[in-house]
Amino acid sequence: MEYLGMDIGFGDVKAVLVNRELETLKAISFPTLVAGYTPAPLEKDKTVLCFGGKKYVLGRDARGEPGCFQLSDFDDMKEFAPLLFRKVLQTDGFEGNEIAVCAGMPPGWWPQRGEVANALRAEMQTVVVVPQGQGAFVAVQEEKDLEGVETVLILDFGYNTVDYLLMEITKYGEFEIIKGNTLPRLGVTKLVKLFRGELKGELSELPDRALKEMLRTGQGKLYGENINLSGHKRRAVEKYCAMLMGELKSNVGETWRETDAVICTGGGFTTLNPK
Ligand SMILES: Nc1ncnc2c1ncn2[C@@H]1O[C@H](COP(=O)(O)OP(=O)(O)OP(=O)(O)O)[C@@H](O)[C@H]1O
Ligand SMILES: [Mg+2]
């Protein structure tokens, strides 16, 4: 039996296949892009998938297709999760018959987890759904000594959203989720928007992808000239943190400041790079 961990994010699909007997682990990620397929006489090899009577291409294959789109809400996610899932299962090294799937679900959609699990079961029999963020907690728990830590706040900085989980560690290292939610419009996209607001002229008109990289490094480049953007970054991050803290305060009160530990995860954390 192999185990497939899946996280279908708004920004990227992440998947990890673990074989405990062989002690192997394979990981892939691709952008969460979907497009109807329009064949062209000259094109690279693409994986074309049929779904609901239509032909689709996904991930990097969707780039350059007319009508290429990103998922924008729960309904999109529910509709296209099985297709994205199938794309993972058609990736080299991920095709297998005996695979149990563990899919991460944003905590804000927890009440609808059954719908997503059922949609995935159309592709694969054994599906378990866990709240996103729990995996980061388990990984930290395996690696670090959490003795004396009773309460933990997990923050998952995503593309569109920030998920939080407030956890309590009971005796023998078992844990319980006290509360969790998805904070919409607070992911990296928000941070990039704030950063853009700090910039002037041509820099402020660059695409999100370019600004994200400048945000990560605090350095910009225009016509070959290096520009120090650390001040712009600092101001954007300060505004972002104030918003995030305001949201956390209205969700969990001051409790979040009083937890014994905070675990930050998600691709957005790399971009944010907070002190
Ligand atoms: N190693 C990295 N270095 C820099 N940026 C990264 C890295 N990994 C991911 N990112 C960026 O961080 C952002 C968030 O990535 P992540 O995979 O956590 O989002 P997501 O799970 O797809 O979004 P959401 O949780 O909102 O559904 C993306 O814009 C991604 O490009
Ligand atoms: Mg995510």
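R0 = 51 Å: FRET efficiency of Thr24 with Glu254, Cβ-based, nearest 0.05?
0.70
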- Query: Any idea how far apart Asp145 and Val262 come out in nm if each label point goes 7 Å out from Cα toward Cβ?
  - Reply: 2.5
- Task: Would you mind telling me which residue in Val130, Val101, Val140 has the biggest mean-square fluctuation in a Gaussian network model of the chain, where springs connect alpha carbons within a distance under 10 angstrom?
- Result: Val140
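List the GluC sites (Glu not before Pro) within the range 1-109 that fall in a DSSP loop (any state other than H, G, I, E or B) and whose Cβ has at most 13 other Cβ atoms within 10 Å.
Within the range 1-109, the qualifying GluC sites (Glu not before Pro) (loop, at most 13 other Cβ atoms within 10 Å) are Glu21, Glu23, Glu43, Glu95, Glu98.
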- At 7 Å along the Cα-to-beta-carbon direction for both Gln70 and Glu43, put a label point, then send me their distance in nm to one decimal. 2.3
- Message: Please enumerate, by chain and number, the lysines with C-alpha under 22 Å from the C-alpha of Lys179, excluding those fewer than 8 residues away in the same chain.
- Response: Lys171, Lys249
- Message: With a 10 Å cut-off between alpha carbons and a GNM built on the chain, which of Arg63, Arg234, Arg209 moves the most?
- Response: Arg209
- Item | Cut-off 15 Å (backbone N to label point 7 Å along Cα→Cβ of Ala122), residues of the range 75-106 | 75-87
- Message: Please check: in the Gaussian network model of the chain (C-alpha springs, under 10 Å), which one of Phe137, Phe80, Phe175 has the largest mean-square fluctuation.
- Response: Phe175
- Item | Volume per residue of the C-alpha convex hull in the range 1-118, rounded to whole Å³ | 116
- Farthest towards the positive end of the dipole of the chain, among Pro66, Met167, Ile227 and with Cβ unit charges of +1 on Lys and Arg and -1 on Asp and Glu, lies the Cα of Ile227
- Item | Cα-based shape type of the chain, given that a ≥ b ≥ c are square roots of the gyration tensor eigenvalues and the cut on a/c is 1.5 | oblate
- Message: Taking R0 as 41 Å, what FRET efficiency do you get between Cys241 and Tyr3 from their Cβ-Cβ distance, rounded to the nearest 0.05?
- Response: 0.70
- Query: Hey, quick one: spin label on Phe175, modelled 7 Å out along Cα-Cβ, who in the range 240-259 has an amide N within reach, i.e. under 15 Å?
  - Reply: 259
- Message: I'd like to compare 67-76, 176-185: which one has the highest average count of other Cβ atoms within 10 Å, and what's the full order after that?
- Response: 176-185, 67-76
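Where a number appears in this text, it was derived from the coordinates with a stated rule and is not lab data. Since the structure is predicted, the reported quantities are computational estimates derived from the model, not experimental observations. Every residue, glycine among them, receives a Cβ derived from its backbone with ideal geometry; neighbour counts consider all protein chains shown.
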